[in-house]
Each structure stands twice: as structure tokens, then as C-alpha cells.
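Participant: Pasting a structure below so you can have a look.
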Amino acid sequence: MKKNEVEISFEMFPQKEHYKTKSFIKKIKQLYKKKDIKFCSITYGAGGSNKKNTLEIIKNIKKQKIECVPHLACITTKEKDLIKTLKSYKKIGIKKILALRGDIKTNTKTKFINSLDLLTLIKKNFYKNFEVIVTAYPEMHPNTISFEKEVCFVIKKFMFGANKAITQYFYDPDSYFYFVEKVRKYGVEKHIIPGIMPISNVNNLKKKKKKCGANIPKWIYKKLEFCKTDNDIEHIGNDIVIKLCETLIKGGAPGLHFYTLNKLEPTLNILNSLIT
């Protein structure tokens, strides 16, 4: 693809240790210098573990003139705290929010059931302040009981004011194209950007499959199971993901969103092969 042909973005998560913040931001700057990136999304950390230092990190990233999109999960947060956080983001010039339900915990006490409640809150209190990005699951969220309900739920998110969606990662491009086709049949034309997970570790791949429900085709396991070193895995993994990205771009995907797991080299290698 040519530079600027599609929207490229990536996700990172805050470091737990405060002293690692400088090197974390240095990594983000490194990726921005090498590629024309649209934005960087910043998670709460695993299970919402790093809420406290997320705001501080986002402030530091903004100082580097890098567009930052904070994740905002509602299931474990009280309404007054959500509004306080959104006011803080508005004050420092954040323009986009990635609105999520978040991971459910057994001791969760909140009136928010899913991301539609968060969308309602944002649009009611900050209608003109934020572009809202939501998630989509072409291979179904683990809690969804049918594919049709998954499609309908994404359509509802757009009806409730979402501006675009980013999908869970996948390795079968047909699952993405089929999902988008079903959404389009209802007259929804908002961008649905595919999520891309570079492959660098087989065990991590298996763990994440269990947690998020993403399907890992058997042929990928077959290719990876005979690898002797991490370099072999990364090399074959890059080839798999590059071909996936090429197929998505040729098929009309409006962008690519990379789940980096804070490892920049695999994403950089993929982008170097894609961008001409």
C-alpha cells in the first residue's frame, strides 16, 4: 500500500512501574517517526489495573504532539468517576475515546451493563467533545450467544452515536468481510477497522484465544509447531500477518489497528513490508 492510503493506528498498555514511563513514551515516538500513524490507543492495562497512571501517561504523550485515544471501560467504574475522567480528557485536548464495557469482576457494583450505557453517558454530557470509537467482534464476543446478535449489537453502537469501530484481532479475512457485509446490509456505512495481532509467541497466542474467543486456524498452528526458535516463529508469523493485511487492504478495509503488546519491532516489520 502507499503511504496514507489507509488509516494506521496501534494499541499499547501503560507500564505498571512508574520509572518505565519514559522508555514507554520513547517507544511510541519511535513508531511515529518511522511511519505515518493516525493515533495511538492506550489501554487501562490488564483488567483495568493501571487506571491511576493512565492519565499521566496520556498527558506525556500529548506533549509529544501524538494523537492519543484513551480506552474508557464502564463496567467497573462509577458514573461520577467516568464523568470526572472525561472532563480531564477534555481539558488536556483529547478528541477521541475508545468506549468499552470492560472485564466483568465478581464484586462489580455499577449501573452500567454494556458499552451502550457508556455511549449514552458520553453523548449526553460531552456530545460535541469526543469522537467515540467502539469495538466489534467478527468472530463473536465470548459472551454473545449468536452471530446475528453480534451484528445487531454493533449496529446499536452506531445508532447510539459511535463514529467508528475497531475489531478484535483475527486471522481469517473472510470472517471480517462477512461481518462487514452483514452490517452494511442494514445501511450502516461507518468505518469498521480490522484489528491486527502480530505473531511472535505461540503460547501467548493460545492464551489470548481462550480469553477473547478469536479463532486461530489450524493451518497457522501447523506452520508454527515446527519452529525451533522465537526468530523462526516471528519470521513465519510476519509472513502470515503481512498476507492477511494485504488481503484486507485489497478487499477495501479502511485501516489497520495493531495490537502491539508493547513490542514494536513485529509491527514495524509488518509495516515496512506493506508500505511502499
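Participant: Name every residue in the stretch 126-151 that is more than 16 Å from L98 (Cα to Cα) and either among the charged types (D, E, K, R) or loosely packed, with under 15 Cβ neighbours inside 10 Å (or both), in order of residue number.
Facilitator: E139, P142, N143, I145, S146, E148, K149, E150
Participant: F112 is checked against (1) surrounded by 16 or more Cβ atoms within 10 Å (Cβ to Cβ); (2) modelled with pLDDT of 85 or more; (3) under 17 Å from A73 (Cβ atoms) and fails just one. What number does that condition carry?
Facilitator: Condition (2) is where F112 drops out.
Participant: Which residue is nearest to V241 (Cα to Cα), if the candidates are limited to the stretch 167-216 and must be outside any helix (DSSP H, G or I) and among the aromatic types (F, W, Y)?
Facilitator: Checked the stretch 167-216; the qualifying residue nearest to V241 (Cα to Cα) is Y171.
Participant: Are any of the residues in the stretch 115-123 part of a helix (DSSP H, G or I), of a type in the set (G, A, S) and crowded, with 20+ Cβ neighbours inside 10 Å?
Facilitator: The answer is yes; a qualifying residue exists.
Participant: Oh, and also: With the structure loaded, tell me whether I133 is in contact with a strand residue (DSSP E or B) (Cβ under 8 Å, 6 or more places away or on another chain) and closer than 20 Å to H191 by Cα or whether it fails that test.
Facilitator: Yes: the conditions hold for I133.
The values are calculated or read from the model by the stated rules, or taken from the named source; none is laboratory data. Small disclaimer: the values here were computed from a predicted structure and weren't measured. All Cβ positions, even for glycine, are placed from backbone atoms using ideal geometry, and neighbour counts span all protein chains on display.
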